[in-house]
Structure formats: C-alpha cells, structure tokens
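Bear in mind these aren't lab numbers, they're just calculated from the coordinates by the rules spelled out. All figures in this text were calculated on a predicted structure; none of them were measured in a lab. Methodologically, a virtual Cβ is constructed for each residue, glycine included, from the backbone with ideal geometry; neighbour enumeration extends over all protein chains shown.
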Amino acid sequence: KQEVTQIPAALSVPEGENLVLNCSFTDSAIYNLQWFRQDPGKGLTSLLLIQSSQREQTSGRLNASLDKSSGRSTLYIAASQPGDSATYLCAVNGAGKSTFGDGTTLTVKP
Amino acid sequence: DTAVSQTPKYLVTQMGNDKSIKCEQNLGHDTMYWYKQDSKKFLKIMFSYNNKELIINETVPNRFSPKSPDKAHLNLHINSLELGDSAVYFCASSHPPGQGIYGYTFGSGTRLTVV
C-alpha cells in the first residue's frame, strides 16, 4: 500500500527566500508524481507533473525533482512571494489511483 | 472550457437526508474518481471508475453509491447523511493510469455540511 509523507507540515518564510518542500513515498512502482497547490477553501491546481522516467520538471519559479529509487520528490520554489502562500500537496500516481500526502502549508510573509 | 466540473459547489443539508453530487468532465478521460477531504485537509480516494466500471472502492460505507451513466460523468449519491459526512468532496479524471503520461485533473470541490 502506497504511503506518502510530506515534510514539513507547515513552513513560514520571509518574502524572497528560496525554499524546498519534501515528499517521500514508500512504493516506487509509480507512473508519475504530481504537485498541486490548494488555496484556502478552494480546489486543487496542478503545478507540475513528473513522469517516472524523468528526474525533474520546471515551470517558472518552480522546480520539481524525482528520485524514484529512493522514493523522494522535492518542490523548489525560488524567490518566494506572498502570493505563493497556500497548501502544497504531493500526489503519487500509480495503478488506478492517486495517493496524496497530507500537504505542506506555506506562509510567505511580506 | 475543458475542465472537470462539479455541482453543487456548496451543499447544506440535515442529517438523514439523501443527496447527490454531480461531476462531468469534457477532457476525454476514461477514468474518474471521487476523493474526500476531511476537516484536517487530508485527501483520501473513495472510488475510481474506468469507462463506467468500478475499479476502486476504498472501504467507503455503502451509504455512498457512485453512478457512472457514461465515461464523462461520475455522480455520487449519499443516503442517510450523517454529521461525519461533512467534508469537501473532489471529483477528478485522468486517462487510464497505464498510459502513464498524464496526471489528474481535479474539480473545484463540493463543500458538504450536514447539520
């Protein structure tokens, strides 16, 4: 059974800092890994999708890496802004379903 | 707009009632899902349907019954609602996981409050 853990559960940083969010999973038999953002009271927005054969994906100030053999992914956010404040969820996609971590709640202070 | 759309967005109802949440996707995906996000914000899968057939049922009470009239729709019917059913319910869709190259697209959620 796939288990997904995200560390830290909460993170508060001043504006402009670079930061890393971590996601680990127990079963390396995955198809891909997806990072989502969720704003309070809102739905899920897909940020980045990394295929199991890839090592990283980049979109703007976001960079996601995947090390399937060690069961780890990181989401790197460069030059953080207050608008980045949200909960970031890692989803590991395998046979038939997507298993979510419990999220990291990020607060970027002006 | 290509999307996964859920209705209603908010639902407030009394204990014991029966209610339905509808989900439609126009992305041409074969697989659809229902997820429950509880008060602690943890997302857990409930059901998965591939081409109208149930492929995952994650020990959800049988008061919850998904119905897929076609592969673009997956509705969730809940009988005899209980206080503990209060949560946000998300619908999602994807191409079959075996294709591996696509992620999941989520609807905006239905916030169910049972009073």
Which of B:F42, B:F90, B:F64 fluctuates most in a GNM of chain B (C-alpha springs under 10 Å)? That residue is B:F42
Taking only pairs that are 8 or more places apart or on different chains, how many Lys pairs in chain A have Cα atoms under 29 angstrom apart?
6
Taking N as the number of residues in the protein assembly as shown, the ratio of its alpha carbon radius of gyration to 2.2 N^0.38 Å works out to 1.01
If the elastic network links every pair of Cα atoms under 10 Å, which of B:M46, B:M15, B:M32 fluctuates the most in the Gaussian network model of chain B?
B:M15
Within the set B:Y104, B:Y89, B:Y49, GNM on chain B using Cα springs under 10 Å gives the largest fluctuation to B:Y104
Can you sort A:T87, B:T59 by how many other beta carbons sit within 10 Å, fewest first?
B:T59, A:T87
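What's the average, rounded to a whole number, of partner chain beta-carbon atoms within 10 Å of each residue's beta-carbon in B:86-95?
Whole-number average of other-chain Cβ neighbours for B:86-95 is 2.
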Which residue, chosen from A:L19, A:S73, A:A91, occupies the Cα position most advanced towards the positive end of the dipole of chain A, where the dipole is computed from +1 (Lys, Arg) and -1 (Asp, Glu) charges on Cβ about the Cα centre?
A:A91
Hydrodynamic radius by Kirkwood for segment B:1-110, inverse mean 1/r across distinct Cα pairs, in Å, is 14.0
The FRET efficiency for A:S28 and A:S53, from their Cβ-Cβ distance with R0 = 22 Å and rounded to 0.05, is 0.95
Would you work out the charge dipole size for the protein assembly as shown about its Cα centre, treating the Cβ of every Lys and Arg as +1 and the Cβ of every Asp and Glu as -1, and quote it to the nearest 20 debye?
180
